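Report on the structure given below.
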Amino acid sequence: MSNRSTSSPLIRATKQGLYCEAGDFYIDPWRKVARALVTHGHSDHARYGMGAYLTATPGIGVVRERVGKDAKIEGLAFGQPLKIGGVTVSFHPAGHLLGSGQIRVEHRGEVWVVTGDYKTAPDVSCEAFEPVRCDTLITESTFGLPVYNWPEPEEIFRQINQWWRDNQKEGRTSVLFAYALGKAQRVLCGLDASIGPIGVHGAVERLNPHYRAAGRPLPDTLPANAETKSELRGRGLIVAPGSAQNTPWIRRFAPYSLGFASGWMTVRGNRRRRALDRGFILSDHVDWSGILNTIETSGASRVGVTHGYAQPLIRWLQEERGIEAYEVPSRFVGESESESEGESEGESEGGREHREDVSE
Ligand SMILES: [Zn+2]
Ligand SMILES: [Zn+2]
């Protein structure tokens, strides 16, 4: 559709992050810039200190939790086009968490889409992923290896609810670790509230009101603390971030069984290493076949690959599909990733060599 590849690309990697020169804005920048378009509220995408933020309207609340209450954040409804400089931008549901959007950028008839994190599996806690046609697709590849093929989420929720019942019979509290933003709310929506009381750690509780305000079907929850411990202990299921393991907070609910909901639970060693009783394979990222389907459906003739296992996917696209594929650096080497709460959660979560487990 265009001969841009012979000139400067519409969106390119810079040391601040992905940059669109024709519109003079950045997408999910990790260094301070004047204008940031933000795909979603995870801290490796929505970072503190930008001059102005634009995100999909349903995501404003959770992005604000990350970047500060005084930040200048504007929202754009899903599907609504906005002219910025010489380009037209729009957000399209990414299915990753509440308000997460793929960003479509159009300039002189050429269309690029940056997926941000996304998933194609059903999830009532957020808007459903919407395929978008484009010339160039920049896709994440957090789980871009054939070994990652997600089971049906309904089956995983069935397993979680059964584990909860079994623990109850033994008089144990069920403590399920799940990333505080996105995964925790998705898990809550999948619980059978008739089994017993549901408790949430403070980090999860802080984000739930945004989901409830958006009409997402979260069950009633109790803050899991000293006042509710007798109600929850031995009967309840508590959703908490992985960082809560080995803390005084968790000890008051003993005896308990520890489970973890994550795509990394595909790899058995991750569960053992963290001394978990159960691992539930539930990811808010797309799996291998979902990535390939998304690329195919997009019609893109060129694919940028970012986050995670970029090289295997690039090789596969080149060799099996004859698609022009290239790596888009997600972050420059040496960047510190420890400043926010979300990141420190990630350090101890199931992922191994990988950083993206923070948003898993
Ligand atoms: Zn991410
Ligand atoms: Zn994310």
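The values are calculated or read from the model by the stated rules, or taken from the named source; none is laboratory data. Bear in mind that the values here come from a model prediction, so they are computed numbers and not experimental data. Virtual Cβ from ideal backbone geometry, glycine too; neighbours counted across all protein chains shown. Side chains are part of the model used for accessible areas, which takes the heavy atoms of the whole protein and leaves out ligands, DNA and RNA. Shrake-Rupley method; radii C 1.70, N 1.55, O 1.52, S 1.80 Å.
The set of residues in the stretch 207-234 being loosely packed, with under 15 Cβ neighbours inside 10 Å and under 18 Å from LYS69 (Cα atoms) consists of PRO209, ALA213. Only one entry in SER194, SER243 is of a type outside the set (Asp, Glu) and in contact (Cβ under 8 Å) with a residue 60 or more places away in the chain, namely SER243. Regarding the stretch 11-20, can at least one residue be identified that is within 16 Å of ligand 1 (Cβ to nearest atom) and open to solvent by less than 40 Å² (accessible area, probe 1.4 Å)? Within the stretch 11-20, one or more residues are within 16 Å of ligand 1 (Cβ to nearest atom) and open to solvent by less than 40 Å² (accessible area, probe 1.4 Å). The helices (runs of 4 or more DSSP H) found entirely in the stretch 256-360 that carry 3 or more residues being modelled with pLDDT of 90 or more and of a type outside the set (Lys, Arg) are 288-298, 310-316. Looking only at residues in the stretch 293-308 that are away from ligand 2 (no atom under 16 Å from the Cβ) and open to solvent by 30 Å² or more (accessible area, probe 1.4 Å), the one that is nearest to the chain's Cα centre (by Cα) is ASN293. Scanning the stretch 21-30 for residues that are modelled with pLDDT of 95 or more and either within 15 Å of ligand 1 (Cβ to nearest atom) or open to solvent by 10 Å² or more (accessible area, probe 1.4 Å) (or both) turns up GLU21, ALA22, ASP24, TYR26, ILE27, ASP28, PRO29.
Sub-6 Å Cβ pairs linking a first residue in the stretch 208-227 that is outside the structural domain of PRO248 (by the TED database) and modelled with pLDDT under 95 to a second residue that is in a loop (DSSP other than H, G, I, E, B) and open to solvent by 40 Å² or more (accessible area, probe 1.4 Å), at least 6 apart or interchain, number zero. Mind counting the residues in the stretch 225-250 that are over 19 Å from ASN161 (Cα atoms) and of a type outside the set (Val, Ile, Thr)? Qualifying residue count for the region: 12.
Filtering the stretch 82-94 for residues that are within 16 Å of ligand 1 (Cβ to nearest atom) and closer than 21 Å to PRO29 by Cβ leaves a non-empty set. Once the stretch 45-59 is narrowed to residues that are farther than 19 Å from GLN80 by Cα and touching a Gly at 6+ places or on another chain (Cβ under 8 Å), the residue that is least open to solvent (accessible area, probe 1.4 Å) is HIS45.
Quick one: what pairs do we get from the stretch 114-125, first residue of a type in the set (A, V, I, L, M), second within 12 Å of ligand 1 (Cβ to nearest atom) and open to solvent by 10 Å² or more (accessible area, probe 1.4 Å), C-beta under 9 Å, 6+ apart or different chains? Listed by first residue and then by second, the contacts come to VAL114/ASP28; VAL114/THR306. Here ARG186 passes the criteria (1) farther than 24 Å from GLY279 by Cα; (2) part of a helix (DSSP H, G or I) except the one numbered (1). Checking GLY109, GLY85, GLY95 one by one, the residue that is open to solvent by less than 20 Å² (accessible area, probe 1.4 Å) and at positive phi is GLY95 and no other.
Of all the listed residues (ASP123, ASP135), the sole one being away from ligand 2 (no atom under 16 Å from the Cβ), buried (at least 18 other Cβ atoms within 10 Å of the Cβ) and outside the structural domain of SER257 (by the TED database) is ASP135. For the stretch 36-56, state whether one or more residues are away from ligand 2 (no atom under 14 Å from the Cβ), aromatic (Phe, Trp, Tyr), on the phi < 0 side of the Ramachandran plot and within 18 Å of the chain's Cα centre (by Cα). Yes, there is a match, as at least one residue in the stretch 36-56 is away from ligand 2 (no atom under 14 Å from the Cβ), aromatic (Phe, Trp, Tyr), on the phi < 0 side of the Ramachandran plot and within 18 Å of the chain's Cα centre (by Cα).
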